[in-house]
1. Which of the aspartates and glutamates could a cross-linker span from LYS217 if the Cα-Cα distance has to be under 18 Å and same-chain partners fewer than 8 positions apart are dropped?
2. In whole Å, how far is the Cα centre of segment 236-271 from that of segment 316-334?
3. On a 1.4 Å probe surface of the protein chains, which of TYR15, TYR270 comes out largest in accessible area, and what is the full order?
4. Compute for segment 1-80: radius of gyration divided by Kirkwood radius, i.e. Rg/Rh, restricted to C-alpha atoms, rounded to two decimals.
5. Report the Cα centroid-to-centroid distance between segment 2-54 and segment 128-144 in angstrom, as an integer.
6. Loop only per DSSP, at most 16 neighbouring Cβ atoms within 10 Å: give me the trypsin sites (Lys or Arg not before Pro) in segment 209-246, ordered by residue number.
7. Straight distance only, please: which lysines reach the Cα of LYS3 with their own Cα at less than 26 Å, same-chain residues fewer than 8 apart left out?
8. What is the local net charge at VAL136, summed over the other residues whose Cβ is closer than 12 Å to its Cβ (Lys, Arg +1; Asp, Glu -1)?
Amino acid sequence: MEKKNIDWSNLGFGYIQTDKRFVANYKDGAWDEGTLTEDANIVMNECAGVLQYAQTCFEGLKAYTTEDGRIVTFRPDLNAERMIDSAKRLEMPPVSKEMFIKAVKEVVAANAAYVPPYGSGATLYLRPYMFGIDPVIGVKPASQYQFRVFATPVGPYFKGGAKPITIRVCDFDRAAPHGTGHVKAGLNYAMSLHAIVDAHNQGYDENMYLDAATRTKVEETGGANFIFVTKDGKVVTPKSSTILPSITRRSLIVVAKDYLGLEVEEREVYLDELKDFAECGLCGTAAVISPVGKVVDHGKEICFPSGMEEMGPVTKKLYDTLTGIQMGRIEAPEGWICTICE
(Lines give C-alpha, C1' and ligand atoms only; values in the text may rest on other atoms or scores of the structure.)
Protein backbone atom coordinates (compact mmCIF):
# COMPACT_ATOMS: atom_id res chain seq x y z
CA MET A 1 0.00 0.00 0.00
CA GLU A 2 1.53 3.26 -1.15
CA LYS A 3 1.30 6.23 1.20
CA LYS A 4 -0.10 9.57 0.08
CA ASN A 5 2.39 12.19 -1.04
CA ILE A 6 2.24 14.25 2.16
CA ASP A 7 5.04 16.08 3.94
CA TRP A 8 4.46 14.14 7.16
CA SER A 9 7.11 15.97 9.18
CA ASN A 10 5.48 19.35 8.54
CA LEU A 11 1.85 18.43 9.17
CA GLY A 12 -0.05 20.74 11.49
CA PHE A 13 -2.92 19.85 13.80
CA GLY A 14 -5.70 20.57 11.33
CA TYR A 15 -8.23 19.00 8.98
CA ILE A 16 -7.20 17.30 5.73
CA GLN A 17 -9.99 15.55 3.84
CA THR A 18 -9.35 11.83 3.33
CA ASP A 19 -10.94 9.34 0.93
CA LYS A 20 -13.61 7.59 2.99
CA ARG A 21 -15.79 8.11 6.04
CA PHE A 22 -18.42 5.95 7.79
CA VAL A 23 -22.10 6.95 7.93
CA ALA A 24 -25.00 5.22 9.71
CA ASN A 25 -28.56 6.49 10.12
CA TYR A 26 -31.11 6.00 12.90
CA LYS A 27 -34.75 6.02 11.81
CA ASP A 28 -37.96 4.33 12.98
CA GLY A 29 -36.30 3.17 16.18
CA ALA A 30 -33.23 1.41 14.76
CA TRP A 31 -29.78 2.03 13.34
CA ASP A 32 -29.00 0.78 9.84
CA GLU A 33 -25.79 -1.15 9.21
CA GLY A 34 -23.87 1.89 8.03
CA THR A 35 -21.54 2.21 5.07
CA LEU A 36 -18.41 3.94 3.84
CA THR A 37 -18.83 6.93 1.57
CA GLU A 38 -16.61 9.31 -0.37
CA ASP A 39 -18.97 12.25 0.25
CA ALA A 40 -17.60 14.49 3.00
CA ASN A 41 -20.65 16.75 3.01
CA ILE A 42 -23.73 16.51 5.25
CA VAL A 43 -27.15 17.61 3.99
CA MET A 44 -29.81 18.35 6.60
CA ASN A 45 -32.95 20.38 7.12
CA GLU A 46 -32.60 23.94 8.42
CA CYS A 47 -34.56 22.89 11.51
CA ALA A 48 -32.39 19.84 12.33
CA GLY A 49 -32.16 19.07 16.04
CA VAL A 50 -28.40 19.56 16.09
CA LEU A 51 -28.72 23.07 14.64
CA GLN A 52 -31.52 24.20 16.93
CA TYR A 53 -30.66 22.57 20.26
CA ALA A 54 -27.06 21.32 19.97
CA GLN A 55 -28.03 17.67 20.28
CA THR A 56 -24.65 16.19 19.44
CA CYS A 57 -21.75 14.31 21.02
CA PHE A 58 -18.38 13.18 19.74
CA GLU A 59 -15.20 11.24 20.44
CA GLY A 60 -11.54 11.55 19.49
CA LEU A 61 -8.93 8.82 19.07
CA LYS A 62 -5.93 8.07 16.88
CA ALA A 63 -4.48 5.41 14.60
CA TYR A 64 -0.73 4.84 14.64
CA THR A 65 1.93 3.04 12.65
CA THR A 66 3.86 0.95 15.16
CA GLU A 67 7.56 0.19 15.14
CA ASP A 68 6.92 -3.17 13.44
CA GLY A 69 4.74 -1.62 10.70
CA ARG A 70 1.26 -2.44 11.96
CA ILE A 71 -1.56 0.11 11.89
CA VAL A 72 -3.32 0.17 15.26
CA THR A 73 -5.73 2.18 17.39
CA PHE A 74 -5.57 2.67 21.14
CA ARG A 75 -8.37 1.45 23.42
CA PRO A 76 -11.31 2.20 21.07
CA ASP A 77 -13.60 0.19 23.34
CA LEU A 78 -13.33 2.93 25.97
CA ASN A 79 -14.21 5.58 23.41
CA ALA A 80 -17.24 3.51 22.44
CA GLU A 81 -18.35 3.19 26.06
CA ARG A 82 -17.92 6.90 26.69
CA MET A 83 -19.93 7.76 23.57
CA ILE A 84 -22.72 5.47 24.77
CA ASP A 85 -22.77 7.38 28.07
CA SER A 86 -22.79 10.73 26.24
CA ALA A 87 -25.65 9.67 23.95
CA LYS A 88 -27.78 8.45 26.84
CA ARG A 89 -27.29 11.72 28.75
CA LEU A 90 -28.41 13.69 25.68
CA GLU A 91 -31.42 11.42 24.97
CA MET A 92 -29.83 10.07 21.80
CA PRO A 93 -29.96 6.40 20.74
CA PRO A 94 -26.46 4.99 21.39
CA VAL A 95 -24.65 3.08 18.67
CA SER A 96 -23.46 -0.27 19.95
CA LYS A 97 -19.86 -0.80 20.97
CA GLU A 98 -19.63 -3.30 18.10
CA MET A 99 -20.79 -0.76 15.50
CA PHE A 100 -18.49 1.93 16.89
CA ILE A 101 -15.40 -0.30 16.69
CA LYS A 102 -16.45 -1.64 13.28
CA ALA A 103 -16.76 1.92 11.96
CA VAL A 104 -13.36 2.92 13.36
CA LYS A 105 -11.68 -0.13 11.82
CA GLU A 106 -13.32 0.39 8.42
CA VAL A 107 -12.39 4.08 8.27
CA VAL A 108 -8.76 3.43 9.23
CA ALA A 109 -8.42 0.55 6.76
CA ALA A 110 -10.04 2.58 3.95
CA ASN A 111 -7.68 5.50 4.63
CA ALA A 112 -4.55 3.48 5.37
CA ALA A 113 -2.60 5.53 2.83
CA TYR A 114 -3.13 8.54 5.10
CA VAL A 115 -1.74 6.89 8.25
CA PRO A 116 1.63 8.59 8.80
CA PRO A 117 4.73 6.40 8.86
CA TYR A 118 6.39 5.37 12.11
CA GLY A 119 8.84 7.92 13.45
CA SER A 120 7.26 10.90 11.67
CA GLY A 121 5.62 12.19 14.85
CA ALA A 122 2.31 12.34 12.99
CA THR A 123 -0.83 10.21 13.45
CA LEU A 124 -4.27 9.64 11.91
CA TYR A 125 -6.85 11.41 14.05
CA LEU A 126 -10.34 9.86 14.14
CA ARG A 127 -13.51 11.76 14.94
CA PRO A 128 -16.63 9.68 15.65
CA TYR A 129 -19.71 11.84 16.22
CA MET A 130 -23.49 11.69 16.15
CA PHE A 131 -26.26 14.27 15.98
CA GLY A 132 -30.00 14.81 15.66
CA ILE A 133 -30.77 15.35 11.98
CA ASP A 134 -34.55 15.63 11.54
CA PRO A 135 -36.54 18.87 12.05
CA VAL A 136 -37.22 19.77 15.70
CA ILE A 137 -38.84 23.09 16.58
CA GLY A 138 -40.20 22.31 20.05
CA VAL A 139 -37.62 21.63 22.76
CA LYS A 140 -37.42 17.85 22.63
CA PRO A 141 -35.08 15.11 21.35
CA ALA A 142 -34.88 14.47 17.62
CA SER A 143 -36.32 11.23 16.26
CA GLN A 144 -33.67 10.65 13.57
CA TYR A 145 -29.90 10.64 14.02
CA GLN A 146 -26.71 10.21 12.06
CA PHE A 147 -23.48 8.61 13.28
CA ARG A 148 -20.32 9.35 11.35
CA VAL A 149 -16.58 8.73 11.62
CA PHE A 150 -14.01 10.64 9.60
CA ALA A 151 -10.22 10.60 9.65
CA THR A 152 -7.57 13.24 9.11
CA PRO A 153 -3.76 13.01 9.34
CA VAL A 154 -2.34 15.39 11.95
CA GLY A 155 1.12 16.40 12.98
CA PRO A 156 2.50 16.32 16.50
CA TYR A 157 0.62 18.61 18.85
CA PHE A 158 3.92 20.21 19.87
CA LYS A 159 6.33 21.29 17.16
CA GLY A 160 9.89 21.21 18.43
CA GLY A 161 9.08 19.53 21.72
CA ALA A 162 6.60 19.94 24.53
CA LYS A 163 7.48 23.23 26.21
CA PRO A 164 5.63 23.89 29.48
CA ILE A 165 2.65 26.20 29.14
CA THR A 166 1.17 28.91 31.35
CA ILE A 167 -2.48 28.64 32.35
CA ARG A 168 -4.81 30.85 34.37
CA VAL A 169 -7.47 30.16 36.95
CA CYS A 170 -10.66 30.91 35.03
CA ASP A 171 -13.58 33.02 36.26
CA PHE A 172 -15.99 31.13 34.00
CA ASP A 173 -17.47 27.75 34.94
CA ARG A 174 -17.00 24.79 32.62
CA ALA A 175 -19.72 22.51 34.05
CA ALA A 176 -22.53 22.75 36.58
CA PRO A 177 -23.07 20.20 39.35
CA HIS A 178 -25.32 17.46 37.97
CA GLY A 179 -24.80 18.90 34.46
CA THR A 180 -23.04 17.47 31.40
CA GLY A 181 -19.38 17.88 32.37
CA HIS A 182 -18.89 14.10 32.56
CA VAL A 183 -19.95 13.46 28.94
CA LYS A 184 -18.40 14.56 25.65
CA ALA A 185 -21.24 16.80 24.51
CA GLY A 186 -20.62 19.40 21.83
CA LEU A 187 -22.36 22.02 23.96
CA ASN A 188 -19.60 21.76 26.61
CA TYR A 189 -17.03 22.85 24.05
CA ALA A 190 -19.18 25.66 22.69
CA MET A 191 -19.41 27.02 26.23
CA SER A 192 -15.61 26.98 26.58
CA LEU A 193 -14.85 28.94 23.39
CA HIS A 194 -15.27 32.41 24.88
CA ALA A 195 -13.13 31.48 27.88
CA ILE A 196 -10.24 30.12 25.77
CA VAL A 197 -10.29 33.09 23.38
CA ASP A 198 -10.25 35.41 26.38
CA ALA A 199 -7.36 33.45 27.93
CA HIS A 200 -5.34 33.68 24.71
CA ASN A 201 -6.06 37.41 24.49
CA GLN A 202 -4.70 37.77 28.02
CA GLY A 203 -1.52 35.86 27.10
CA TYR A 204 -2.35 32.47 28.63
CA ASP A 205 -2.26 29.09 26.90
CA GLU A 206 -5.23 27.51 28.67
CA ASN A 207 -7.79 27.82 31.47
CA MET A 208 -7.93 26.00 34.78
CA TYR A 209 -11.59 25.51 35.62
CA LEU A 210 -12.67 25.15 39.24
CA ASP A 211 -15.74 23.37 40.57
CA ALA A 212 -18.79 25.55 40.06
CA ALA A 213 -20.29 24.81 43.48
CA THR A 214 -17.47 26.07 45.74
CA ARG A 215 -14.78 27.35 43.32
CA THR A 216 -12.12 25.83 45.58
CA LYS A 217 -11.32 22.58 43.75
CA VAL A 218 -9.43 21.96 40.51
CA GLU A 219 -11.47 20.29 37.76
CA GLU A 220 -10.00 20.35 34.22
CA THR A 221 -9.34 22.58 31.23
CA GLY A 222 -11.64 23.02 28.24
CA GLY A 223 -10.32 19.87 26.61
CA ALA A 224 -8.02 17.93 28.96
CA ASN A 225 -7.75 16.45 32.44
CA PHE A 226 -5.10 17.48 34.96
CA ILE A 227 -2.36 15.28 36.35
CA PHE A 228 -0.10 16.39 39.20
CA VAL A 229 3.07 14.98 40.76
CA THR A 230 3.95 15.58 44.41
CA LYS A 231 7.46 16.41 45.58
CA ASP A 232 7.89 12.81 46.76
CA GLY A 233 6.89 11.38 43.36
CA LYS A 234 3.24 10.50 43.93
CA VAL A 235 0.86 10.95 40.97
CA VAL A 236 -2.39 12.78 41.81
CA THR A 237 -5.41 13.31 39.56
CA PRO A 238 -8.53 15.34 40.44
CA LYS A 239 -11.69 13.37 41.14
CA SER A 240 -15.08 14.92 40.41
CA SER A 241 -18.46 13.92 38.98
CA THR A 242 -18.27 16.83 36.52
CA ILE A 243 -14.90 15.91 34.95
CA LEU A 244 -14.82 14.12 31.60
CA PRO A 245 -13.34 10.63 32.17
CA SER A 246 -10.25 11.01 29.96
CA ILE A 247 -9.05 7.75 28.40
CA THR A 248 -5.51 9.11 28.37
CA ARG A 249 -5.69 9.92 32.09
CA ARG A 250 -7.05 6.46 32.93
CA SER A 251 -4.27 4.90 30.88
CA LEU A 252 -1.61 7.05 32.55
CA ILE A 253 -2.83 5.88 35.96
CA VAL A 254 -2.22 2.26 34.94
CA VAL A 255 1.19 3.19 33.50
CA ALA A 256 2.14 4.97 36.73
CA LYS A 257 1.11 2.04 38.94
CA ASP A 258 2.02 -1.01 36.88
CA TYR A 259 4.94 0.16 34.72
CA LEU A 260 6.65 2.78 36.88
CA GLY A 261 5.71 1.52 40.35
CA LEU A 262 4.43 4.91 41.44
CA GLU A 263 1.79 5.61 44.06
CA VAL A 264 -1.37 7.12 42.55
CA GLU A 265 -4.19 9.06 44.19
CA GLU A 266 -7.50 9.99 42.56
CA ARG A 267 -8.98 12.57 44.89
CA GLU A 268 -10.31 16.09 45.22
CA VAL A 269 -7.52 18.58 44.55
CA TYR A 270 -7.84 22.00 46.13
CA LEU A 271 -6.60 25.18 44.48
CA ASP A 272 -4.67 26.20 47.58
CA GLU A 273 -2.52 23.06 47.45
CA LEU A 274 -1.15 23.68 43.92
CA LYS A 275 1.93 25.32 45.45
CA ASP A 276 2.84 21.99 47.04
CA PHE A 277 3.10 20.02 43.76
CA ALA A 278 6.36 19.49 41.88
CA GLU A 279 4.89 18.88 38.41
CA CYS A 280 1.66 19.51 36.52
CA GLY A 281 0.36 18.42 33.14
CA LEU A 282 -2.75 18.33 30.97
CA CYS A 283 -3.55 14.93 29.52
CA GLY A 284 -5.65 14.09 26.48
CA THR A 285 -5.67 12.38 23.09
CA ALA A 286 -4.10 15.22 21.10
CA ALA A 287 -0.84 15.73 23.00
CA VAL A 288 -0.91 12.81 25.50
CA ILE A 289 0.59 15.17 28.13
CA SER A 290 1.02 18.94 27.89
CA PRO A 291 3.39 20.08 30.67
CA VAL A 292 2.33 23.08 32.73
CA GLY A 293 5.05 25.32 34.12
CA LYS A 294 2.96 28.03 35.74
CA VAL A 295 -0.57 28.69 36.97
CA VAL A 296 -1.66 32.30 37.44
CA ASP A 297 -4.43 32.89 39.96
CA HIS A 298 -5.62 36.47 39.45
CA GLY A 299 -2.09 37.87 39.36
CA LYS A 300 -0.58 35.40 41.83
CA GLU A 301 1.92 33.12 40.09
CA ILE A 302 2.22 29.48 41.14
CA CYS A 303 5.41 28.15 39.56
CA PHE A 304 6.10 24.42 39.57
CA PRO A 305 9.67 23.30 40.40
CA SER A 306 9.78 21.41 37.07
CA GLY A 307 10.15 24.83 35.44
CA MET A 308 9.30 26.39 32.07
CA GLU A 309 11.92 24.65 29.90
CA GLU A 310 10.93 20.97 29.77
CA MET A 311 8.64 18.29 31.16
CA GLY A 312 9.22 17.31 34.75
CA PRO A 313 11.03 13.96 35.23
CA VAL A 314 7.99 11.95 36.35
CA THR A 315 5.75 13.48 33.69
CA LYS A 316 8.40 12.64 31.06
CA LYS A 317 8.50 8.99 32.19
CA LEU A 318 4.72 8.78 32.01
CA TYR A 319 4.71 10.35 28.53
CA ASP A 320 7.52 8.17 27.18
CA THR A 321 5.97 4.98 28.54
CA LEU A 322 2.46 5.61 27.24
CA THR A 323 3.64 6.73 23.80
CA GLY A 324 5.96 3.72 23.75
CA ILE A 325 2.96 1.46 24.34
CA GLN A 326 0.94 3.22 21.63
CA MET A 327 3.78 2.96 19.09
CA GLY A 328 4.60 -0.67 19.85
CA ARG A 329 7.98 -0.07 21.48
CA ILE A 330 6.70 -1.26 24.87
CA GLU A 331 4.43 -4.25 25.45
CA ALA A 332 0.87 -3.11 26.08
CA PRO A 333 -1.58 -4.39 28.67
CA GLU A 334 -4.00 -6.92 27.24
CA GLY A 335 -6.74 -5.33 25.13
CA TRP A 336 -5.18 -1.88 24.84
CA ILE A 337 -4.01 -2.16 21.25
CA CYS A 338 -6.50 -2.84 18.44
CA THR A 339 -4.70 -3.92 15.25
CA ILE A 340 -6.29 -2.75 11.97
CA CYS A 341 -3.68 -3.75 9.39
CA GLU A 342 -0.66 -6.02 9.77
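1. Within the straight-line cut-off, LYS217 pairs with ASP171, ASP173, GLU206, GLU265, GLU266, GLU268, ASP272, GLU273, ASP276, GLU279, ASP297, GLU301.
2. A separation of 17 Å, based on Cα centres.
3. TYR15, TYR270
4. Result: Rg/Rh = 1.02.
5. If we compute the Cα centre of each part, the gap is 17 Å.
6. Those satisfying the criteria are ARG215, LYS231, LYS234, LYS239.
7. Answer for LYS3, where 26 Å is the Cα cut-off: LYS20, LYS62, LYS102, LYS105, LYS159, listed by chain and number.
8. -2
The values are calculated or read from the model by the stated rules, or taken from the named source; none is laboratory data. Nothing here was measured: the structure is a model prediction, and the numbers come from that model. Glycine gets a Cβ as well: all are built from the backbone with ideal geometry, and neighbour counts include every protein chain shown. Protein only, heavy atoms only, side chains kept; ligands, DNA and RNA dropped before computing areas. Shrake-Rupley method; radii C 1.70, N 1.55, O 1.52, S 1.80 Å.
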